[in-house]
Amino acid sequence: KIILEAYPAHGFLGEESVAPGADASQIALQEARDNEWLWIVDPIDGTTNFASGMPLVGTIIGLAHKGKMVLGVIYDPFNDELFEAILDNGAFVNGKRMQVSDAASLSRSVVYTGSPPNPRSIAPTLRSVHALMPRARTIRMLGRGREEA
């Protein structure tokens, strides 16, 4: 509501405002593409975690301009962490610039992934994990959008 009041000409796509299922998601995305500016909001990323009492939950807000993501914000209420990124300006957590690991090779890297909710995505994800596991230091499957993004 706040975003739409401040930017009435912008489009808005919220996960909870789209009917369940891949077809409904595809239709919503096609309709949203007509907007020059599009706000994408997931008020509870990690709904299953939230319902299960797991503190792996966040609120995600993104802004796309002509189909290109230009802004992303994630708030983790359990750790009071605010992640933000602006195109060509870097990424920050609680105002401090983030940086990638200094690991020089995959064998020294920790790889993060998630468990996809779409049954058609399970096999490709597991194939990827299977291929990476012997090459990476370790793999973590946390199931929260901020790590998967």
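Is it fair to say Arg108 is touching a helix residue (DSSP H, G or I) at 6+ places or on another chain (Cβ under 6 Å), at negative phi and among the basic types (Lys, Arg)?
So Arg108 does not fit the description; no.
Give me the residue from the stretch 52-79 that is hydrophobic (A, V, I, L, M, F, W, C), open to solvent by 60 Å² or more (accessible area, probe 1.4 Å) and at pLDDT 90 or above and, out of that set, nearest to Ala6 (Cα to Cα).
Kept after step one, since they are hydrophobic (A, V, I, L, M, F, W, C), are these residues of the stretch 52-79: 54, 56-57, 60-61, 63-64, 69-71, 73-74, 78.
In the following step, the residues that additionally are open to solvent by 60 Å² or more (accessible area, probe 1.4 Å) were identified as 54, 69, 78.
Then keep just the ones that are at pLDDT 90 or above; that gives 69, 78.
Details: Met69: 19, Phe78: 28 Å.
Of everything passing the filter in the stretch 52-79, Met69 is nearest to Ala6 (Cα to Cα).
If we keep just the residues of the stretch 1-17 that are farther than 10 Å from Ala28 by Cα and either of a type in the set (Lys, Arg) or touching a Pro at 6+ places or on another chain (Cβ under 8 Å) (or both), which is least open to solvent (accessible area, probe 1.4 Å)?
Going through the qualifying residues, I end up with Glu16.
Among all residue pairs at least 6 apart or on different chains, which show Cβ distances below 6 Å where the first residue, located in the stretch 113-124, is within 19 Å of Pro20 (Cβ to Cβ) and the second is open to solvent by 40 Å² or more (accessible area, probe 1.4 Å)?
Going by the 6 Å Cβ cut-off, the qualifying pairs are Gly114/Glu148; Ser115/Met141.
If you go through the stretch 18-33 one residue at a time, do you hit one that is exposed (fewer than 11 other Cβ atoms within 10 Å of the Cβ), hydroxyl-bearing (Ser, Thr, Tyr), without any contact (Cβ under 8 Å) to a residue 40 or more places away in the chain and over 15 Å from Ile74 (Cα atoms)? Even if it seems obvious, please write down each step before you answer.
Step one: list which residues in the stretch 18-33 are exposed (fewer than 11 other Cβ atoms within 10 Å of the Cβ), which gives 19-23, 30.
Applying the additional criterion that residues be hydroxyl-bearing (Ser, Thr, Tyr) yields none.
Looking for residues that are exposed (fewer than 11 other Cβ atoms within 10 Å of the Cβ), hydroxyl-bearing (Ser, Thr, Tyr), without any contact (Cβ under 8 Å) to a residue 40 or more places away in the chain and over 15 Å from Ile74 (Cα atoms), one finds none in the stretch 18-33, hence no.
How many of the residues making up the stretch 62-78 are touching a residue at least 24 places away in the same chain (Cβ under 8 Å) and either touching a helix residue (DSSP H, G or I) at 6+ places or on another chain (Cβ under 6 Å) or over 19 Å from Asp34 (Cβ atoms) (or both)?
If we filter the stretch 62-78 for residues that are touching a residue at least 24 places away in the same chain (Cβ under 8 Å), which is where we start, we get 63-67, 72, 74, 76.
Applying the additional criterion that residues be either touching a helix residue (DSSP H, G or I) at 6+ places or on another chain (Cβ under 6 Å) or over 19 Å from Asp34 (Cβ atoms) (or both) yields 72, 74, 76.
Number satisfying all stated conditions: 3.
Could you check the stretch 80-125 and list, in sequence order, the residues that are of a type in the set (S, T, N, Q) and open to solvent by 90 Å² or more (accessible area, probe 1.4 Å)?
Within the stretch 80-125, Asn94, Gln99 qualify.
Checking Thr48 against (1) without any contact (Cβ under 8 Å) to a residue 60 or more places away in the chain; (2) closer than 30 Å to Ala19 by Cβ: exactly one of these is not met. Which one?
Only one criterion in (1) without any contact (Cβ under 8 Å) to a residue 60 or more places away in the chain; (2) closer than 30 Å to Ala19 by Cβ is unmet by Thr48, namely (1).
Within the stretch 1-120, considering only strands (runs of 3 or more DSSP E) that don't extend past its boundaries, which have at least 2 residues that are of a type in the set (Asp, Glu)?
Details: elements: 11-14, 37-45, 58-65, 68-76, 81-86, 90-93, 110-113.
Output list reads 37-45, 81-86.
Of all residues in the stretch 5-32, count the ones that are farther than 20 Å from Gly67 by Cβ and at pLDDT 85 or above.
3
The values are calculated or read from the model by the stated rules, or taken from the named source; none is laboratory data. Worth saying up front: this structure is predicted, and the values here are computed from it rather than measured. All Cβ positions, glycine included, derive from the backbone under ideal geometry; neighbour counts span all protein chains shown. Please note that ligands, DNA and RNA were not included when accessible areas were found on the heavy atoms of the full protein model with its side chains. Shrake-Rupley method; radii C 1.70, N 1.55, O 1.52, S 1.80 Å.
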